[in-house]
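Chemist: Just passing along the structure, written as structure tokens.
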Amino acid sequence: MASAERGQTRYQINLRRYLRETGVDRDLTRIICEIANASKYIINAIRTGDLGVAGTSNLYGEEQLELDVLSDRIIQKRLMYSGVIAKMASEEVDEVVEVTVPNNGRYSIAFDPLDGSSNIDVNVSIGTIFSIYRRVSAVGTEATIDDMLQPGSEQVAAGYVLYGSSTMLVYTTGRGVNGFTLDPSIGEFCLSHPDMRMPETGRLYAMNEG
């Protein structure tokens, strides 16, 4: 785990530095950082943008908001030109998007650009969810979605961005879970919740009526 230098706190360790110092490979670092960059535009759109209905529906037949469509466009554009993605699967689009130029991306990604968007008008937290896999099928093949149909155990990284009272990115590459909070004064995600874990015992319990 990356540690703070003398005279510094973990809040001064930004996302890119942490990924680099914990040995995450360059392409995977690029993807996670592109998600982080996209989220800065999304949170701005949430706070200032159009909350109206787009007049379209997603692949589940759910009515899309303007912010659903905009968030999807923002993330796709950031990833499309990252140079490291082969294929993208979004909840807001019916088909897998293939990246053909360049066509040597090592990873594919599935994401929900704005989960819970119907909660925006009641000011409930919403978020972006993503799952990253190694590319296994060739671009242009009929089995184009195979990358995203691998077992969950084959994920190389997964995470979410939570848009609430603060904007927080949480991710794992299989070696622990770490959270980074966006510092709007410098525009950086800084380490705020290192080595996140579920408590061994909880304070909330469900009643078993059986």
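The values are calculated or read from the model by the stated rules, or taken from the named source; none is laboratory data. What you see is a predicted model, and the numbers here were worked out from it, not measured in a lab. Cβ placement follows ideal geometry from the backbone for every residue including glycine, while neighbour counts extend to all protein chains displayed. Ligands, DNA and RNA are excluded from the accessible area calculation, which covers all protein heavy atoms including side chains. Shrake-Rupley method; radii C 1.70, N 1.55, O 1.52, S 1.80 Å.
Chemist: Counting only residues that are in contact (Cβ under 8 Å) with a residue 40 or more places away in the chain, within 17 Å of Ile129 (Cα to Cα) and either out of contact with any Lys or Arg (no Cβ under 8 Å at 6 or more places or on another chain) or open to solvent by less than 20 Å² (accessible area, probe 1.4 Å) (or both), how many does the stretch 96-110 have?
Modeler: 3
Chemist: Can you name the residue in the stretch 189-203 that is assigned to a loop (DSSP other than H, G, I, E, B) and without any contact (Cβ under 8 Å) to a residue 60 or more places away in the chain and, of all such residues, is farthest from Arg16 (Cα to Cα)?
Modeler: Ranking the candidates gives Arg203 first.
Chemist: Would you mind listing the strands (runs of 3 or more DSSP E) fully within the stretch 1-95 where at least 3 residues are open to solvent by less than 30 Å² (accessible area, probe 1.4 Å) and either at pLDDT below 95 or touching a Cys at 6+ places or on another chain (Cβ under 6 Å) (or both)?
Modeler: 85-90
Chemist: Continuing with the same structure: Check off (1) under 19 Å from Ala45 (Cβ atoms); (2) out of contact with any strand residue (DSSP E or B) (no Cβ under 9 Å at 6 or more places or on another chain) for Asp94 and give me the number that stays unchecked.
Modeler: (1)
Chemist: Taking the residues in the stretch 168-188 that are assigned to a strand (DSSP E or B) and farther than 25 Å from Tyr133 by Cα as candidates, determine which candidate is most open to solvent (accessible area, probe 1.4 Å).
Modeler: Among them, the one singled out is Glu188.
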